[in-house]
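The values are calculated or read from the model by the stated rules, or taken from the named source; none is laboratory data. Note that the coordinates shown come from a computational prediction; the quantities given were computed from them, not determined experimentally. Neighbour counts run over all protein chains shown; Cβ positions are idealised from the backbone, glycine included.
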Amino acid sequence: MKNFNKRLIQLFLMIFVATNPAWTDSVDIYYGPQGGFSPMNNQRMLKFPDGTERRATLASALLYRLYNLEEGSTVKIAMYSMSDYKTLDAMIELCRDRKINFKLLLDGAATWSASSRDRILERVKKARDEAWAENKPFNFQLAVSTAEAMRRNGREATLDDGKLIWGTMHEKFGIFYRPNDPVPHSSFSGSSNISVTSDQIYAENRVFFDDQPVVARQFQEEFARLWNEYSTVILGPGTPEKYIEVSPVPGYAMVYFNAEPVNELELTRIDDRLINMIRRVKPDGRLDLAMFSFTRAELAEEILRAAERNPKASFRLLFDHAQLDDADPEQSKLAPWLEQRAQEMGLKNIQVRYRFRRNAYGFSKDENKPVLISYLSLFLHHKTLVVNGNEMGLGSYNWSGSAEYLNFENLMVFNGAYKDHQKVIDSFMAEFDTLWNARLPYGKVDRPRKGEPQTVTLKEGKKLHNELLSLLETYENNRVLGTLDREAFKTFAEIVEETGLKKNEVKKALRKLEKAGLIVKWNKSGREGYSQAD
């Protein structure tokens with residue numbers, strides 16, 4: 001009877017889709033930083049209910065949906081990390097003034113984000129107490145997934161040195177409900193946390209499914225699972241979530257969650273879906289990959305096999321800066337290995353590039369040496385695979401063992417046979433092509449290029465990597481560069497004063513740093529000075 005009811009519901013939804021075609025044209029994708037790199041994406045605007053227009057960024061796209069909600073609506077969000085407090089303040093305002101109900105689930109297993117969780121709890125609790133003191137309703141529930149729950153459910157591993165590690169709730173999605181409606185109408189998910197860095201600095205994505213209950217119900221099923229089984233309530237009554245199993249419907253994105261059980265003993269495997277996608281590369285087709293973390297040997301090997309099977313197909317692999325530094329074998333970074341293996345196999349159809357930033361390097365006091373400071377590389381944080389230009393998988397899932405076996409992740413799959421899906425795929429490919437073709441400038445740089453995308457090949461990147469590490473071993477070079485952190489603009493006299501170095505030492509360091517492309521000498525408001533070049 002249960003299976004019959006499921007089939008009946010699925011049939012009804014299929015008929016509904018066929019007779020309501022407008023419902024299949026309400027998917028949109030947004031990007032960081034600041035709307036994305038491609039003109040196709042970063043020139044879009046959103047008109048808010050108050051009449052103001054804002055650039056269509058990750059943050060503004062979320063705020064746009066929140067401010068357009070009816071009074072008394074409900075919002076449920078599962079977010080690995082949240083540090084955009086302007087968005088939090090907007091949620092608090094809507095909860096207080098428009099009676100919008102919020103359920104916010106944050107990861108509580110990662111220690112690095114504890115301060116932001118504490119800050120969120122403090123702000124929401126203060127707002128709740130103030131509202132209650134004025135006899136105003138304020139329904140904002142806050143929960144965290146815990147390391148104990150992860151370990152209790154087998155999401156843990158023991159490293160070679162005996163250290164125990166566990167997974168995180170690494171998903172980043174949200175669901176919207178109309179007042180008194182038990183079925184959610186809209187949802188969002190992607191690679192991006194709700195943070196200022198995601199919105200303004202890193203290369204990210206977030207997809208919104210507007211008025212698509214079929215997709216929203218998939219996310220609601222996952223939210224219920226995470227809220228009921230893996231979280232601890234830290235604010236509010238912690239009302240349990242109703243769990244209703246859903247089935248995919250043709251014409252809509254399918255979402256895979258590796259927290260979802262297959263049976264009593266197994267959870268869903270996301271890598272299986274990705275391997276099947278890779279195997280669908282056509283003989284004259286292509287595969288385009290943009291990946292933040294790449295350490296899964298099975299997926300690397302599958303790409304090599306697909307390239308060997310289809311010598312006329314094109315394979316373009318774009319990675320984050322940190323992936324070219326494979327000096328530490330324990331980190332298991334596979335992009336350089338994949339390139340070497342492709343050469344050994346005689347494969348000519350694989351190209352690999354890395355996003356690169358010269359000013360991602362600095363001196364580490366802990367290690368007492370210059371290192372690549374990963375977050376300064378302006379993360380390429382996408383986790384996206386596009387096959388033959390008409391099938392795409394993206395979400396929170398990095399291509400790593402931790403993503404598969406420890407964390408809870410998701411993967412959304414789009415099929416270009418559907419108009420709204422192809423629109424999203426084309427939008428992402430515009431972003432991919434802009435990044436891919438943004439080659440690192442060589443020769444003299446005459447202006448700051450902060451935040452602009454730049455890519456290198458492995459050979460170029462390794463050479464620059466070693467040269468920059470060597471350059472920053474010199475105290476004077478490192479000291480002078482340190483005065484030009486972030487958006488700084490300093491004159492020669494200001495650098496001398498701040499470093500305490502002799503003028504000739506500063507001059508020598510400036511020449512070397514400028515020659516290496518780390519800094520640029522330019523005029524700002526009639527003053528000559530120096531800034532970081534990228």
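In table form, for the structure just shown:
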| read-out | value |
| --- | --- |
| Considering residues of region 196-213 that are closer than 20 Å to Asp420 by Cα and surrounded by fewer than 24 Cβ atoms within 10 Å (Cβ to Cβ) only, the residue nearest to the chain's Cα centre (by Cα) | Phe208 |
| Residues of region 272-292 satisfying the condition of being surrounded by fewer than 21 Cβ atoms within 10 Å (Cβ to Cβ), closer than 26 Å to Phe379 by Cβ and of a type outside the set (A, V, I, L, M, F, W, C) | Arg273, Arg286 |
| Test: residue in region 413-423 that is closer than 21 Å to Leu464 by Cβ, crowded, with 16+ Cβ neighbours inside 10 Å and at pLDDT below 95 | no |
| Helices (runs of 4 or more DSSP H) lying entirely in region 458-534 (those with 1 or more residues that are crowded, with 18+ Cβ neighbours inside 10 Å and either touching a residue at least 40 places away in the same chain (Cβ under 8 Å) or on the phi > 0 side of the Ramachandran plot (or both)) | 458-471, 475-482, 503-515 |
| Of residues in region 115-158 being hydrophobic (A, V, I, L, M, F, W, C) and either assigned to a loop (DSSP other than H, G, I, E, B) or touching a Cys at 6+ places or on another chain (Cβ under 9 Å) (or both), the one farthest from Trp227 (Cα to Cα) | Ala131 |
| Scan of region 240-258 for residues that are at pLDDT 95 or above and more than 27 Å from the chain's Cα centre (by Cα), ordered by number | Pro240 |
| Residue in region 288-305 that is touching a Pro at 6+ places or on another chain (Cβ under 6 Å), farther than 25 Å from Arg439 by Cα and assigned by TED's automatic domain parsing to the domain that holds Val413 present | no |
| Per-region count, region 493-512, residues among the aliphatic types (A, V, I, L, M) and within 37 Å of the chain's Cα centre (by Cα) | 3 |
| Filter pass, Leu440 being of a type outside the set (Val, Ile, Thr), crowded, with 19+ Cβ neighbours inside 10 Å and modelled with pLDDT of 95 or more | no |
| Within region 414-439, tally of residues that are outside any loop (DSSP other than H, G, I, E, B) and more than 19 Å from Phe294 (Cα to Cα) | 18 |
| Candidates Asp320, Asp325 - the one that is modelled with pLDDT under 95, under 25 Å from Leu376 (Cα atoms) and within 21 Å of the chain's Cα centre (by Cα) | Asp325 |
| Test for Ala322: is it surrounded by 14 or more Cβ atoms within 10 Å (Cβ to Cβ), touching a Lys or Arg at 6+ places or on another chain (Cβ under 8 Å) and not in a strand (DSSP E or B) | yes |
| Some residue of region 63-75 being crowded, with 16+ Cβ neighbours inside 10 Å and more than 30 Å from Asp181 (Cβ to Cβ) | no |
| Test set (1) modelled with pLDDT of 90 or more; (2) surrounded by 18 or more Cβ atoms within 10 Å (Cβ to Cβ); (3) not basic (Lys, Arg) - Glu452 fails condition number | (2) |
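Okay, residues lined up against (1) among the charged types (D, E, K, R); (2) surrounded by 22 or more Cβ atoms within 10 Å (Cβ to Cβ); (3) at negative phi; (4) without any contact (Cβ under 8 Å) to a residue 40 or more places away in the chain:
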| residue | (1), (2), (3), (4) |
| --- | --- |
| Lys136 | yes, no, yes, no |
| Asn139 | no, no, yes, no |
| Ser145 | no, yes, yes, no |
| Glu148 | yes, no, yes, yes |
| Lys163 | yes, no, yes, yes |
| Asn180 | no, no, no, no |
| His185 | no, no, yes, yes |
